[in-house]
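Below: the structure, in structure tokens.
The values are calculated or read from the model by the stated rules, or taken from the named source; none is laboratory data. Just so it is clear, the model here is predicted, and its values are computed rather than measured. Cβ atoms come from the backbone with ideal geometry, glycine included; neighbour counts cover every protein chain shown.
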Amino acid sequence: MIAYDLICSNGHLFECWFKDSASFEEQHSAGIINCPICDDTQVVKTLSPFMIKKSDGERKKGEEAAHQALQLIHEYVDKHFEDVGAEFAQEALKIHQGEAEKRNIRGTATTEEEVILKEEGVPFLKVPIVKRLLN
Ligand SMILES: [Zn+2]
């Protein structure tokens, strides 16, 4: 996993996690990375001056805090969301179109499926998988 500091065309700075740099390029060229503040998809990579100034120790602390926060999200999602695995995109579309019962679901989606969900206006949230990294 790598974190990129991104900036949208409206000047909002935000951090985004990706599996690797190729994954960022793929999602960036597909136009599915959006600003969490204004939803703009015209985002570019930037280097945060704050990250550069931090010592390794401080950076590590920040990473640990980020991992802990993500673990809490995962625990919450595990408890309250039904796991539909690779059927996520299909199921999310069905719920969106009223063909399936409205409920919280979680699962995995390919980049292509994410594009479809976005085009259909289905709201979803991507959460980086940290559990495996911590093992
Ligand atoms: Zn923005």
Looking at region 1-49 only, could you name the residues that are within 16 Å of the ligand (Cβ to nearest atom), within 11 Å of the chain's Cα centre (by Cα) and either in contact (Cβ under 8 Å) with a residue 40 or more places away in the chain or surrounded by 15 or more Cβ atoms within 10 Å (Cβ to Cβ) (or both)? 16, 32, 33, 34
Output the residue which, of all residues in region 80-126 that are touching a residue at least 60 places away in the same chain (Cβ under 8 Å) and charged (D, E, K, R), is surrounded by the most Cβ atoms within 10 Å (Cβ to Cβ). 114
Yes/no for residue 122 being in the same structural domain as residue 25 (by TED's automatic domain parsing), of a type in the set (A, V, I, L, M) and modelled with pLDDT of 75 or more: no
Does residue 102 count as of a type in the set (Lys, Arg), within 18 Å of residue 123 (Cα to Cα) and either at pLDDT 80 or above or out of contact with any Leu (no Cβ under 6 Å at 6 or more places or on another chain) (or both)? yes
